[in-house]
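What follows is calculated from the coordinates using simple rules that are stated; it is not laboratory data. Owing to the predicted nature of the structure, the values given are computational and were not obtained by experimental measurement. Heads up, the Cβs are rebuilt from the backbone with ideal geometry, glycines too, and the neighbour counts pull from every protein chain shown.
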Amino acid sequence: MEKKIGNIVYRPIGIIHTPFKELENMPIQPSGAAGIHGTVDLYPEFADGLKDLDGFSHLILLYHFHKSRGFKLTVTPFLDFEPRGVFATRAPKRPNPIGLSIVRLVQIRGCSLDVENVDILDGTPLLDIKPYVPEFDHQEGCRIGWLEQARGKVRNKRSDKRFTKER
């Protein structure tokens, strides 16, 4: 048995600003947020890390689900009515509430990144930015498990209250 690692602490590198002020009625994934604009404000001490980022059209944003409290290992996801294991979902109530979104980079203005296709709550702490590289990130022949039955539904699906209560 492997030895457990102690606490891990991350520090935000910026804040994500979006039109979404409430958890309800938000797109549940970036593909359901086509054309929705947001801004990523990087803290000035991380500005040098933006060098060369303007050559990429899309970014992977890693962020902290700051409104998520507690977690359950079995959840009923937005695109289903059956309980599923949390690791087989994109549900925000997770043991480590880390979110991931792929957004389109519109422009960089100093420490601010204008992005679109954003599905993130306003004021969300940003943990990291990575360039999206199709050759690295796109996989052929993927199975999508229980989500096979939900194909095509994500674009119109909006969040509800199911993950807003502490459990």
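Seen from all sides and averaged, what is the projected area of the convex hull of the Cα atoms in segment 42-99, in nm²?
Details: hull surface 23.2 nm².
If I average the Cα hull's projected area over directions, I get 5.8 nm².
How many lysine pairs does segment 1-121 hold where the Cα atoms are under 20 Å apart and the two sit 8 or more places apart or on different chains? Kindly include the intermediate steps, with their values, before the conclusion.
Values: LYS21/LYS67; LYS21/LYS93; LYS67/LYS93; LYS72/LYS93.
Value for segment 1-121: 4.
With Cβ to Cβ distances under 14 Å as the rule, what net charge do the other residues near VAL40 carry (K, R +1; D, E -1)?
On the way: positive: ARG104, ARG109, LYS130; negative: ASP41, ASP54, ASP114, GLU116, ASP119, ASP122, ASP128.
Every neighbour counted, the sum reads -4.
When the Karplus curve 6.51 cos²θ - 1.76 cosθ + 1.60 is applied with θ = phi - 60°, which whole-Hz ³J(HN,Hα) does each residue of segment 126-134 get, with x for Gly and Pro?
So the Karplus estimates, Gly and Pro as x, are 8, 9, 6, 10, 9, x, 7, 10, x Hz.
How large is ³J(HN,Hα), in whole Hz, for each residue of segment 86-91 in order, when computed from phi with the Karplus curve 6.51 cos²θ - 1.76 cosθ + 1.60 and θ = phi - 60°, using x for Gly and Pro?
Here the 3J(HN,Hα) series is 4, 6, 9, 9, 10, 4 Hz.
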